[in-house]
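Enquirer: The structure is given below, and queries will be raised subsequently.
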Amino acid sequence: MALRLLHFDACPYCEKVRLSLRRMGLDYESTVIDPEDRSAVERISGQRLVPVLIDDDRVIPDSSRILRYLVARYGERGLLPAGTAEQALSWIVEDYADEVLGPLLHSLLRDRTPEGEPLAPRDRKELEKQLEAQYRNLEQLFAGRTCVFGAEPGLADVAVFAFLSRLARQDSREISAGFPHLRAWYARMEALAAR
């Protein structure tokens, strides 16, 4: 049986898995889930969240768990750098994308607090400052390299790009010209994602 991925179209966690599967050269059957009808996800996985990967008789929910499973089952296939320290750092950056960039961008895009309350203007301004700080950090990272680790994009690049691309697609927001290295990295990742 081929790999099957249950996912939303507009979901950075799902995008991270789709890009990783492509990067690893793994074919998969795509099942786009309607966010208003998650019955197929519940029936298959016993929970409502996407993405969910099905591989033979295994059902794996959660983007990070899916990626760890794919690497364990099929090998790194260019997703991870060669050294063990760099591999560990790739997983740390992947977690950073999920736990720092994800909630920050989710609140900005929805104009809501994590609790679902509308953002007050001062709260939105604070979140914009936090995003600016993240951009500055990423700008410093890419000032001396073309990818997070190594010469080719890997897990860390895919994870960060999956979240930043949501901001561009859903909010039509471009990365400021004040971050030229981040913009250049983003353009390379965008070209890679379009293939």
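Each value in this text was obtained by applying a stated rule to the coordinates, not by laboratory testing. Quick caveat: nothing in here was measured; it's all calculated off a predicted structure. Please note: Cβ atoms are built from the backbone with ideal geometry, for glycine as well, and neighbour counts cover all protein chains shown.
Enquirer: So if each residue of separation counts as 0.36 nm, and I subtract the Cα-Cα distance between Ser176 and Arg188, what length gain in nm does that give?
Expert: 2.7 nm
Enquirer: I need the Debye-formula profile for the stretch 84-194: one equal scatterer per C-alpha, no solvent, reported as log10 I(q)/I(0) at q = 0.10, 0.22, 0.24 1/Å, two decimals.
Expert: -0.29, -1.29, -1.47
Enquirer: When only Cα pairs under 8 Å and 6 or more residues apart are kept, what is the percent relative contact order across the stretch 78-138?
Expert: The value is 21 percent.
Enquirer: Quote the convex hull volume per residue of the chain, based on C-alpha atoms, as a whole number of Å³.
Expert: Hull volume normalised by residue count: 124 Å³.
Enquirer: Please tell me the relative contact order of the chain in percent, rounded to the nearest whole number, where contacts are Cα pairs under 8 Å and at least six residues apart.
Expert: Relative contact order here is 21 percent.
Enquirer: Once each part is reduced to its C-alpha centroid, what is the distance from the stretch 83-131 to the stretch 1-50 in angstrom?
Expert: 22
Enquirer: Still on this model: How would you rank Ser45, Ser39, going from fewest to most other Cβ atoms within 10 Å of each one's own Cβ?
Expert: Going from least to most buried by this count: Ser39, Ser45.
Enquirer: Could you give me the ³J(HN,Hα) list for the stretch 98-109, computed from phi with Karplus coefficients 6.51, -1.76, 1.60 and θ = phi - 60°, whole Hz, x at Gly and Pro?
Expert: Going residue by residue, I get 5, 9, 10, 5, x, x, 4, 5, 4, 5, 5, 5 Hz, with x marking Gly and Pro.
Enquirer: Note down the Stokes-Einstein diffusion coefficient of the stretch 3-74 in µm²/s, whole number, using a Kirkwood radius over alpha carbon pairs, 10 °C, and 1.306 mPa s.
Expert: 133
Enquirer: Only helical DSSP H runs with n ≥ 4 go in: add -39500 (n - 2.57) per run for the chain, normalise by residue count and round the 222 nm mean residue ellipticity to 500 deg cm²/dmol.
Expert: -18000 deg cm²/dmol
Enquirer: Using 7 Å Cα-to-Cβ label points, what is the Glu99/Arg124 separation (nm, one decimal)?
Expert: Each label point is offset 7 Å from its Cα along the Cβ direction, giving 3.0 nm.
Enquirer: Based on a Kirkwood Rh over C-alpha pairs, give the Stokes-Einstein translational diffusion coefficient of the stretch 144-195 at 37 °C and viscosity 0.692 mPa s in µm²/s.
Expert: Approximately 289 µm²/s, per Stokes-Einstein.
Enquirer: Something else about it: Would you mind getting me the FRET efficiency between Tyr74 and Leu109? Use the beta-carbon distance for r and R0 = 35 Å, nearest 0.05.
Expert: Result of the calculation: an efficiency of 0.60.
Enquirer: Okay, moving on. Could you list which residues have their amide H under 5 Å from that of Arg112, counting only those 5 or more apart in sequence or on another chain, with H placed in the peptide plane?
Expert: Those qualifying (amide H under 5 Å, at least 5 residues apart or on another chain) are Leu119.
Enquirer: About the Cα centre of the chain, what is the dipole size in debye to 20, counting +1 per Lys and Arg Cβ and -1 per Asp and Glu Cβ, all else neutral?
Expert: 340
Enquirer: For a protection proxy built on the mean count of beta-carbon atoms within 10 angstrom, sort 118-129, 6-17, 66-77 highest first, please.
Expert: 6-17, 66-77, 118-129
Enquirer: Using a 10 angstrom cutoff on alpha carbons, build the Gaussian network for the chain and name the most mobile of Ser30, Ser90, Ser64.
Expert: Maximum fluctuation in the GNM of the chain, among the listed residues, is at Ser30.
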